[in-house]
Structures are given as structure tokens and as C-alpha cells.
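A.B. asks: The following block contains the structure, expressed as C-alpha cells.
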Amino acid sequence: MKLQKPKGTQDILPKEAAKWQYVENFARETFKKYNYGEIRTPMFEHYEVISRSVGDTTDIVTKEMYDFYDKGDRHITLRPEGTAPVVRSFVENKLFAPEVQKPVKMYYIGSMFRYERPQAGRLREFHQIGVEAFGSPNPATDVETMAMAYHLFTDLGIKDITLHLNSLGSPASRVAYRQALIDYLTPMKDSLSKDSQRRLEENPLRVLDSKEKEDKAAVENAPSILDYLDEESKEHFDAVREMLEALDIPYVIDTNMVRGLDYYNHTIFEFITKVDKSDLTICAGGRYDGLVEYFGGPETAGFGFGLGLERLLLILDKQGIDLPLEESLDVYIAVLGSSVNSKALELVQAIRKQGFSAERDYLGRKIKAQFKSADTFQAKTLITLGESEVESGQLTLKNNQTRQEITASLEEIKTDFASLLEKLN
Ligand code: ATP
Ligand code: MG
């Protein structure tokens, strides 16, 4: 029996979790400014919710799904991504109804599961922050959503992050491009990886997304999808570019970027940064105007992105960005003697009840060890409680930085601790 965590998973211990909380709260605050509300969907879905919407020929569906049959013989999969579940929920809860304000803007934060080869920034259980906006075909929605991600990164202090942009156009323009790509790749079929030889038959655009060296070399001079866009697709893409420029958001056009999921059309994008000299995508998304209909809803535009939290934290770390974490404790109570155990409990509870963070000694340790704990917890104020303090009803409060002290009654501490702290600081 293995009593270790499964391969590709992580325990996030409190010190690390503090960073996660900071970044998650930062994202929540950002999304609020853009009028997004949170949605929470199940961690597992019916297999079909994911398979055809993400794409039967994609790596996610063919290789990476954590799927199984449950005790009722239902084909279930842990969710590998957030968009298909949110669209499923949008339709199931009839959020397309006219009385629901459009666009419907929702974000999620949670675990995703993919059976991958674990490496830096690639896990089997990982976490995404994602957003989805439904009901706006306006290119301003594309741009505002990319701007939201861009500012989330730059406001966190991340440097050297590049927005890669492409358009997949309408389904009609994609058909024309697909043929051009087949014509281009077929003569060099033998030089492609086994996977890509298969992709060439099933879904040639997937070859562009391959991470194999030989495939990357083969597609280097592939025809550009931008040359196959129809008028409407071109207009949309031009509008997106103009608005990005108006907002001073730098971008590069990357015509070989197709994204690893089949549901996209028109705008697609990735935010890429360098970690130890190799490219790492932290955030990716785009437009998916056909997906609501696929799930049985009315024709509804959609735009969203998914952002990898592990990768975001990895980059913050690699770039040496210090997050302003609140790590200190308001009060530490040194407890002298087992006879005051119960009084110490009353005191620490009374302080917590007034809204302060407080800790005490539980182990009857020597006073020196207790003061050391206070320093470790970065306690701002120290209180010592022993028999003499209980008898006199008078306690000493010490500012642990300035060493200044004041005396106060037990009653005062229990009822108006805030005023005492003001005197002490
Ligand atoms: P990649 O090309 O790196 O495999 P992807 O195209 O499969 O990424 P998406 O499905 O677009 O990724 O997911 C959006 C984001 O989620 C990625 O940009 C990345 O930050 C994160 N992500 C995807 N897979 C993993 C993973 N296995 N471990 C950690 N983060 C991941
Ligand atoms: Mg992948």
C-alpha cells in the first residue's frame, strides 16, 4: 500500500497556502471590478460533457482524462478544464433566458485533473482560475477579458509577459484553411510524429498544437489561417487588434497557435512568459460562439480564459515577487503555571471575540520558550499571565517591537482591548 500522495499532486501547506489565498483574493477583487460573479460546478461530470465539446481528437480527451464508471455504471470523468462544465451549467440553469442580464459573466477557482507527465508547472491535479462571459459577440468583450487578465498579471508585479493572439475565424473559414493545411502537410507526412500522422487525417489543425520537435519543424512555414478568414472574421479580428492598441496592451500575432481544445472560433490567445529560458503559458482562452448551442441552448456568444494557478505562483516565485502577506499575530499570551490554564483560555477567547488574532501557550513551557514562540508568530503584543496577575487583576501588555509596556486590568482587556492597543502603539 502506498501512503504517499499520488504522482502529480501536491500538498499545499499553510505557509504556501497563504500565497494562494492572496492571489485568489486578488483575482476575486479584479473580477468584481468587471462585474463577474462566482460559479461553482461539480468536480466531476458525465464523460460526454467533456469529450465532444473539448474534442474527441484532442490530447485532453484522448490521453489525459481521469474517467471511470461509477457504481451505477455511469461514465464519469474528473473535470480536466472549466469551460465545458460552466457552459453545461449555463444551459442547464437556463441562464440564456431573456430576463437574465447579458452578458452573463462568471468566474471559477478550482481543481482540474489531467493524466500528464508531471514536471515544473505541469501536474495531474492542478488549479485554474477561469472566467466565462456569455451573450456578447462584441469584440470589446474579447478585449476587455484579455485586458482583465493582463492587468491581473501586471498588477501582481509580473514582468515579461507576452500576449499571443490569433484568430480561428468562423467555422466556414476554418474549412477552407483545413484543406490548405492538409495540402501543405501531406507531402511531408512521413516526417511527422506518429500522433500527428493520425491528426492529419482526423483534425489537421491539431498538428499545429503538437509539442513534438519534428512537428514543430514541419509546421514552421505552414499557411497562415489569417489568409483564410472570411470578411466577417477579418472584421472581428481587426476590431480586436484596434481595441488592444487603444488600451496600450502589447501583443504578438502567432498564426501557428490553435489551442488544445476544439470549441474555439475567432479570437484565441495565450499569455506566455519565460521560466528558466523556456516558454510557459500561464493563461489561455478565446471565443467559443458555438458551445452553448452544442449543449442544447440557443445560439449564444461566449468568451473566456483559464489561468493556471501553479504556474502563476511559479512565475511569482521565479521573478522574486514578494507578496504583501499578513503573517503577524496581534497577541501572544505567555502562561505561567497550570493553575491559570483556565483563566488563560478565558482571556485568549475574550481577545479573539473582539476581533484580534491571538495565541497562547498550551504546554506549560519555560517563559523563554514562550517568548520565542511569540517572536516566531510575529506577535505584536505580549501579555504575561501568572498567579500574581490573576490575584491582583492587573496585567502588563508589552509592545513586542518597541518594548513599551502598559498596565491594564483584566476587565479592560476583556472588554476594550482596542483602546489599550492604541495606547501601546
Ligand atoms: P499546455 O499547452 O501547457 O499543455 P493547455 O493548452 O493544455 O496547456 P489549457 O487547457 O489551455 O492548457 O489550460 C489553461 C491553463 O491551465 C494553461 O495555460 C496552464 O496555465 C494551466 N494548465 C494546463 N494544464 C496544466 C497542468 N497539467 N498543470 C498545471 N497547469 C496546467
Ligand atoms: Mg496540455
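A.B. asks: Return the inverse of the average 1/r over all pairs of distinct C-alpha atoms in region 331-424, which is the Kirkwood hydrodynamic radius, in Å to one decimal.
C.D. replies: 13.0 Å
A.B. asks: OK, next. What would the Debye equation give as log₁₀ I(q)/I(0) for region 159-217 at q = 0.16 Å⁻¹, counting only Cα atoms as equal point scatterers?
C.D. replies: -0.56
A.B. asks: Tell me which residues come under 5 Å, amide H to amide H, from Y66 once H is placed; ignore anything under 5 positions away on its chain.
C.D. replies: L78, Y115
A.B. asks: Of all chymotrypsin sites (Phe, Trp or Tyr not before Pro) in region 351-425, which ones are in loop regions per DSSP and have a Cβ with at most 14 other Cβ atoms within 10 Å?
C.D. replies: Y362
A.B. asks: A further question on this structure: For region 43-135, just run the numbers: alpha carbon Rg, then divide by 2.2 N^0.38 Å, N being how many residues it has.
C.D. replies: Cα-based Rg divided by the globular estimate yields 1.18.
A.B. asks: Now for a different question. Where q = 0.11, 0.19, 0.25 Å⁻¹, what log10 of I(q)/I(0) comes from the Debye formula for region 244-334, counting one point per Cα?
C.D. replies: Those come out to -0.52, -1.03, -1.28, one per q.
A.B. asks: Let me ask you something else. When the chain is treated as a GNM, springs tying every alpha-carbon pair under 10 Å, which of K372, K213, K189 comes out with the largest mean-square fluctuation?
C.D. replies: K372
A.B. asks: Right, next: At most 13 other Cβ atoms within 10 Å and a DSSP loop assignment: could you name the GluC sites (Glu not before Pro) in region 182-273 that fit?
C.D. replies: Passing sites in region 182-273 are E220.
A.B. asks: A further question on this structure: Cut-off under 28 Å on the C-alpha distance; same-chain residues fewer than 8 positions from K7 excluded. Which lysines are left, in chain and number order?
C.D. replies: Reachable lysines: K15, K19, K63, K71, K194, K211, K213, K274, K277, K318.
A.B. asks: Take F113, F271 and order them by how many other Cβ atoms sit within 10 Å, fewest up front.
C.D. replies: In order of increasing Cβ crowding within 10 Å: F113, F271.
A.B. asks: I would also like to ask the following. Name the trypsin sites (Lys or Arg not before Pro) in region 331-369 that are in a loop by DSSP and that have at most 12 other C-beta atoms within 10 Å, would you?
C.D. replies: Answer in residue order: K366.
A.B. asks: Compute the Rg to Rh ratio over the chain from the alpha carbon atoms, using the Kirkwood formula for Rh, and round to two decimal places.
C.D. replies: Reported Rg/Rh (Cα atoms, Kirkwood Rh): 1.11.
Laboratory data are not the source of any read-out in this text; all were calculated from the coordinates shown. Since the model is a prediction, treat every value here as computed from it, not as a measurement. When we count neighbours, we look across all protein chains shown, and the Cβ atoms used for this are built from the backbone with ideal geometry, even at glycine.
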